[in-house]
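Encoded as structure tokens, the structure appears first; notes follow it.
The values are calculated or read from the model by the stated rules, or taken from the named source; none is laboratory data. Note that the structure is predicted; figures quoted are calculated from it, not measured. Positions of Cβ are backbone-derived with ideal geometry, glycine not excepted, and every protein chain shown enters the neighbour counts. The accessibility values were calculated without ligands, DNA or RNA, using every heavy atom of the protein model including side chains. Shrake-Rupley method; radii C 1.70, N 1.55, O 1.52, S 1.80 Å.
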Amino acid sequence: MKKKTFCLIILALVSLSFVFAKRRPPPEVPPIVYNGYEYNAGYTSGLFSGEGLVSVKSIENFKVEKYISVYRIWYNPFMELDVQQVFISKMELMNDNTIRIINEHGNEFYLNLKSYKVQSVPCAATGY
């Protein structure tokens, strides 16, 4: 009887650890295929900072042509890393040469597909 009770308590504690996980996995962002290239959302994490980026891959030879930095997050060394990461949550083709990118914090960016320049769109509520 004591073994069963002990096993049930251990099982309950293990299952509770999964319930209180601090972070969900990054959102699935479908790639955008346009003009012979595939644009994929990504995130790279370094020691002091992380970066939301878009990779440009040629459809002809499946080679990554370019990585475009969209935004950078500086990490606080006194906080856990996983709660500071900000992933790209949505990408959409707006017109013939612009991709609209939105991250998990709601920040909006425009990527010009001809010049590969990124423009940050100010938020109406905060002005940033």
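Does Val83 meet the test of being out of contact with any strand residue (DSSP E or B) (no Cβ under 7 Å at 6 or more places or on another chain), loosely packed, with under 15 Cβ neighbours inside 10 Å and among the hydrophobic types (A, V, I, L, M, F, W, C)?
Yes, satisfied.
Filtering the stretch 104-128 down to residues that are open to solvent by 80 Å² or more (accessible area, probe 1.4 Å) and in a loop (DSSP other than H, G, I, E, B), which residue is nearest to Phe48 (Cα to Cα)?
This residue is His105.
Taking the conditions exactly as written (without any contact (Cβ under 8 Å) to a residue 60 or more places away in the chain, of a type in the set (Val, Ile, Thr) and either open to solvent by less than 90 Å² (accessible area, probe 1.4 Å) or within 20 Å of Glu28 (Cα to Cα) (or both)), does Ile101 satisfy them or not?
Here the answer is no, as Ile101 does not meet what is asked.
Could you figure out which of (1) at pLDDT below 85; (2) touching a strand residue (DSSP E or B) at 6+ places or on another chain (Cβ under 7 Å); (3) β-branched (Val, Ile, Thr) isn't true of Ile9?
Ile9 satisfies every listed condition except (2).
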